[in-house]
Amino acid sequence: MELFLKGERCYTDKCAIKRRNYPPGQHGQGRSKTSDYGVQLREKQKVRRIYGLLEKQFRGYFQEADRMRGVTGENLLSLLERRLDNAIYRLGFASSRTESRQLVRHGHFTINGRKVNIPSIQIKVGDVIELREKSRKVAAVIDSLEAVVRRGIPQWVELERDAFKGVIKSLPVREDITTPIQEQLIVELYSK
């Protein structure tokens with residue numbers, strides 16, 4: 001499955017999944033039947049890799065989502081979407097989540113006027129994420145803002161391209177997350 005981990009390359013014909021959708025080697029095209037556990041584990045690993053998390057971090061997010069009111073799977077996806085590095089990716093300042101994570105770690109962004117360098121900060125409604133004045137000439141950010149038209153911006157964020165800032169209008173809900181994720185499989189895996 002295409003996870004869009006490589007930024008712009010995933011939108012072109014050079015994407016490995018589009019060229020060859022099976023593992024390499026002589027036995028790559030063999031068919032195999034996966035167990036229910038295997039399907040659940042594969043889904044969890046897919047979500048972990050999409051958001052770039054380690055197992056301990058992911059488990060912490062799941063436990064927090066489990067304690068919250070509402071549907072656990074939707075709470076989990078909402079918590080993952082509200083990470084700062086993901087919000088920067090969704091706003092279009094970076095072409096991939098790993099790139100946005102690096103931009104945050106290098107101190108290129110501010111939240112409500114305060115410099116931040118922790119990618120896992122949970123953003124809230126009304127937060128203003130802004131690119132710092134010194135960082136507005138970074139070529140990667142400018143290229144990503146040009147290419148954001150192809151990817152699109154979700155409704156829960158608002159981008160002011162000329163001012164290099166974005167505003168969080170609302171919390172992300174399940175309908176805003178277009179990535180093909182079956183969160184129920186993850187909940188079933190962790191409830192064993």
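The values are calculated or read from the model by the stated rules, or taken from the named source; none is laboratory data. Please read these numbers as outputs of a predicted model, since none were measured by experiment. Glycine also receives a Cβ, built like all others from the backbone with ideal geometry; neighbour counts cover every protein chain displayed.
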Query raised in the report: For the stretch 51-64, does any single residue satisfy the condition of being farther than 28 Å from L159 by Cβ and touching a residue at least 40 places away in the same chain (Cβ under 8 Å)?
Result: yes
Query - helices (runs of 4 or more DSSP H) wholly inside the stretch 72-177 that include at least 1 residues being in the same structural domain as R59 (by TED's automatic domain parsing) and farther than 25 Å from Q57 by Cα - result: none
